[in-house]
1. So what is log10(I(q)/I(0)) for the stretch 90-138 at q = 0.22, 0.24, 0.25 1/Å, when the Debye sum runs over its Cα atoms only?
2. What is the fewest-to-most order of M131, M151 by other Cβ atoms lying within 10 Å of their Cβ?
3. For a footprinting-style exposure proxy, rank F117, F139, F134 by other Cβ within 10 Å, fewest first.
4. Could you list D108, D72 so that the one with the fewest beta carbons within 10 Å of its beta carbon is first and the one with the most is last?
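Rule-based calculations on the coordinates, nothing more; no lab input. Predicted model only: the values in this text are computed from it and were never measured. In this analysis, Cβ positions are derived from the backbone assuming ideal geometry, glycine residues included, and neighbour counts consider all displayed protein chains.
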Amino acid sequence: MNIQKLFRAVLATSALFLGLTQAAQADIVTLTGDTTGGPTYNRTLANLAAYSPNGEGVSYRTHTLTVDTSGDYSFVATGLGFDTFAFLYESSFDPASPLINGLVGNDDAISLNTSGFEATLDSGTTYVFVMTGFDSEQFGAYSVTIAGPGMISAIPEPATWVMLALGIGLLGYTQRRRR
């Protein structure tokens, strides 16, 4: 009987030890969107050093994200039938000042429809991924795949929070009215 208890204790301790010593899980996230009819700005060059003569009035969409583990993350953006251009900004993206906070940009990583890069991200820092086209005639649906050593969390846009608050308020009003 004591051997059985000892065996169970050793087994439980081993399972706990293995659970605590596991490496952090890697994550892969895919974000989608469409730049058609989106807001416009004057795009920079890929090195973020100056404005592009081809990038005036390009449509764009943004995705805000954070990671829980510092390390190297890869970004691959694919456009549906348009010449993509992708950028990553730290903390914030201001379309009126796109030369500020830029970390990396890329055009044509694999083909005209694919942009991508690798960036070292820090946990707890906010990043903004910007998807746009090469020029004002390049826009459409796209997907972005982000992969790295830690959990990648997309931060909802402020409009999403407003819609959530309005929905919860409407539910509360409906419940109160029923009483």
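1. For the stretch 90-138 at q = 0.22, 0.24, 0.25 Å⁻¹, log10 I(q)/I(0) is -0.94, -1.05, -1.10.
2. M151, M131
3. Listed from fewest to most nearby Cβ atoms, that is F117, F134, F139.
4. Lowest to highest Cβ neighbour count: D72, D108.
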